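Working notes, beginning with the structure itself.
The values are calculated or read from the model by the stated rules, or taken from the named source; none is laboratory data. What you are looking at is a predicted structure, and each value in this text was computed from that prediction instead of being measured. Glycine gets a Cβ as well: all are built from the backbone with ideal geometry, and neighbour counts include every protein chain shown.
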Amino acid sequence: MDGQDRAAAAGSPLTDWVHRPRPDAAVRFAGPGDGWDEWSYERLAEGARRVAAGLRSAGTADGDTVVIVEPTGPRFIQLYFGAMVAGAVPVPTAPPAFGQDLTGYARALAHLVGRAAPRMVVTSAALAGQLAGLVPQPVPVRVDDDVIATADPGPCPGWAPAELAMLQFTSGSTRAPRGVRVPVPALEANVAAIAQWLRMRPEDPTASWLPMHHDMGLIGCLITPVVRQSDLWLLSPEQFVRSPLRYLRCFGVHGARLTAMPTFGLEHVARKVRPQDLEGMDFSAWRAVIVGAERVGTGAVERFVRLLAPYGLDPRAILPAYGLAEATLAVTGLPLDELWTSVPLDPRRVVLDGPVPLAPEAGGALVGSGRPLDGIRVAIVDRDGRELPEDHVGEIVVDGPCLTDGYHNEPPDADTGRRDGPLVTGDAGFLHDGQLFVLGRIGDSVKVRGRTLLAEDVEAALESAGLPRHRQTVLLGMRGDRPTAVVVVEQADPLRLEAAQGLVGRVTEGADLVFVRTGVGTIPRTTSGKPKRRELWRIFLTGQLTTAAAHSEDPS
């Protein structure tokens with residue numbers, strides 16, 4: 001099939017906007033100060049067509065991968081969609097963060113480039129010199145402006161998306177990042193399911209501060225609104241951290257209605273914004289705050305709503321959700337106009353393949369992650385793959401048109417992730433009243449006296465004791481023949497830490513419990529804020545974490 005025939009057969013709603021841009025909508029990027037840099041869809045589309053032409057003239061062929069290393073900005077959008085239009089496979093990649101150790105970044109980038117095997121790496125002029133010394137040879141590093149400047153921004157006849165919409169590298173929270181092969185139909189299906197879930201209309205503006213390089217920020221808050229050509233307000237994560245109030249103005253002043261973030265975002269807003277800062281704002285049109293990427297804490301939700309509700313935020317706008325890269329992004333989400341719910345859970349009695357230990361007196365609560373989106377099926381199975389009834393804990397299994405096509409260029413002896421059937425996620429959870437409740441990663445658990453201790457349960461106990469989630473994490477595993485829980489806390493308040501020790505000791509009863517106090521920045525995290533527990537566990541086993549307090553709950 002030649003290019004012209006493939007264009008006719010493989011045209012995608014993902015790239016239709018590049019050829020027919022809407023003249024009356026724009027993407028706005030947060031600039032220095034309080035200003036915004038506005039880019040119309042017509043201007044973005046012209047740049048995307050230039051990228052497509054530039055990539056083809058540089059020798060990029062159908063199905064070639066192109067690594068994109070760009071900060072939040074218009075060039076990222078043009079390069080991502082331009083690569084698709086050219087028939088290439090974009091590989092979105094985070095640039096080095098301010099102050100980041102370049103040794104670690106170089107190692108991660110070399111791993112990614114080795115797996116992606118790209119035709120080229122495209123980046124900004126500001127980063128090109130830096131990356132040229134980090135990208136393994138002989139992969140060329142091209143400057144984005146050079147790719148665009150030499151090309152004719154015409155209609156790109158004969159060019160259409162490749163079979164893959166992109167390689168989406170996993171966050172690396174449990175193992176080295178892997179390139180998930182996202183077929184065009186899977187991305188189309190997930191974008192359509194998200195739009196249907198949120199009842200998205202072209203006139204519904206979105207605002208986001210999430211990184212543009214990974215699933216929640218990329219698909220939920222960039223691709224979906226861009227494909228629908230909605231008004232869009234984008235800040236970088238650093239801008240949000242410095243000024244969450246500027247992000248809130250997108251909704252309370254500029255009229256944005258849709259967004260997504262991990263629990264950390266709710267916590268940061270509630271911690272940094274004062275009620276008097278919100279005077280004059282109106283959040284009554286804010287329809288959806290998708291909360292995902294990590295287990296949703298009741299405290300974070302309640303504090304966020306308590307701050308914004310007096311200024312019009314409807315508590316029903318909080319939409320807990322569950323998703324993963326291997327299912328493109330979204331799997332479940334709370335329907336609009338439904339109030340989020342939690343169930344009382346006793347983490348000391350959780351057993352895989354057993355009934356849910358609902359126990360109001362235990363004091364713990366687990367927030368539901370909503371119901372399966374359109375076309376997606378979710379089941380809970382036991383160790384033998386048999387489906388379990390509601391209110392039984394097991395492994396979450398997902399099926400539907402959004403499933404991806406395994407991992408790209410994995411070693412011959414590796415699990416490639418390719419599947420003919422449903423996706424076995426590696427996450428523990430249960431169904432209750434048709435809603436999915438996610439307990440955590442099975443790989444981040446340890447068996448203690450026949451029960452299953454999950455890292456997320458211990459972290460929830462720490463949070464309830466007043467230790468912020470973004471300053472702590474829990475590592476679980478076997479040290480010798482002993483189940484061990486390691487609590488790592490950054491810059492802990494001594495009184496709160498003392499209170500937490502007793503509470504966590506009850507949750508981890510039967511395991512050796514080790515508390516480690518460290519400085520800020522010790523806990524390695526993914527771009528979505530998830531702790532890299534396995535990496536930190538390995539560091540702990542080598543003795544490189546300073547142990548400030550340690551005791552055994554069960555020395556026998």
- prompt: Restricting the search to the stretch 280-297, which residues are in contact with a Gly (Cβ under 9 Å, 6 or more places away or on another chain) and in a loop (DSSP other than H, G, I, E, B)?
  reply: 280, 281, 282, 283, 284, 285, 286, 292, 293, 294, 295, 296
task: Answer yes if at least one residue in the stretch 247-258 is buried (at least 21 other Cβ atoms within 10 Å of the Cβ) and within 18 Å of the chain's Cα centre (by Cα), and no otherwise.
output: yes
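Please indicate, with yes or no, whether at least one residue in the stretch 290-300 is under 28 Å from residue 532 (Cβ atoms) and modelled with pLDDT of 95 or more. Talk me through it step by step, then tell me what you get.
Filtering the stretch 290-300 for residues under 28 Å from residue 532 (Cβ atoms) gives 290-300.
Filter once more, keeping what is modelled with pLDDT of 95 or more: 290-291.
Yes, the stretch 290-300 has at least one match.
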task: Please work out which residue is nearest to residue 132 (Cα to Cα), limiting yourself to the stretch 78-114 and to residues that are assigned to a helix (DSSP H, G or I) and among the aromatic types (Phe, Trp, Tyr).
output: 105
query: Would you pick out the residues in the stretch 82-112 that are within 21 Å of the chain's Cα centre (by Cα) and surrounded by fewer than 22 Cβ atoms within 10 Å (Cβ to Cβ)?
result: 94, 96, 97, 98, 100, 104, 105, 108, 111
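One residue is enough: does the stretch 298-310 have a residue meeting the conditions assigned to a loop (DSSP other than H, G, I, E, B) and closer than 23 Å to residue 472 by Cα?
Let us first name the residues in the stretch 298-310 that are assigned to a loop (DSSP other than H, G, I, E, B), namely none.
Looking through the stretch 298-310, none of the residues is assigned to a loop (DSSP other than H, G, I, E, B) and closer than 23 Å to residue 472 by Cα.
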- line: Of the listed residues (135, 121), the one being β-branched (Val, Ile, Thr), over 26 Å from residue 160 (Cβ atoms), surrounded by 13 or more Cβ atoms within 10 Å (Cβ to Cβ) and over 20 Å from the mean Cα position of the chain (by Cα) is 135
message: Show me the strands (runs of 3 or more DSSP E) entirely contained within the stretch 333-401 in which 2 or more residues are buried (at least 17 other Cβ atoms within 10 Å of the Cβ) and free of Cβ contacts under 8 Å to residues at least 40 places away in the same chain.
response: 394-399
- prompt: Across the stretch 242-279, which residue is nearest to residue 218 (Cα to Cα) among those that are outside any loop (DSSP other than H, G, I, E, B) and without any contact (Cβ under 8 Å) to a residue 12 or more places away in the chain?
  reply: 242
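Can you tell me which residue is nearest to residue 95 (Cα to Cα) among those in the stretch 493-544 that are small (Gly, Ala, Ser), free of Cβ contacts under 8 Å to residues at least 40 places away in the same chain and surrounded by fewer than 20 Cβ atoms within 10 Å (Cβ to Cβ)? Outline the logic, then answer.
At the first step, the residues of the stretch 493-544 found to be small (Gly, Ala, Ser) are 499-500, 502, 505, 510-511, 519, 521, 528-529, 543.
In the following step, the residues that additionally are free of Cβ contacts under 8 Å to residues at least 40 places away in the same chain were identified as 499-500, 502, 519, 521, 543.
From the residues that got through so far, the ones that are surrounded by fewer than 20 Cβ atoms within 10 Å (Cβ to Cβ) too are 499, 502, 519, 521, 543.
On the way: 499: 40, 502: 41, 519: 25, 521: 18, 543: 31 Å.
Residue satisfying both the conditions and the ranking: 521.
Return the residue satisfying two criteria in turn: it lies in the stretch 483-536 and is in a strand (DSSP E or B) and of a type in the set (Lys, Arg), and of such residues it is modelled with the lowest pLDDT. Steps first, answer last, please.
Here is the first cut: in the stretch 483-536, the ones in a strand (DSSP E or B) are 483-490, 512-518, 525, 531.
After this cut, where a residue has to be of a type in the set (Lys, Arg) as well, the list is 517, 525.
On the way: 517: 86, 525: 80.
Selected residue: 525.
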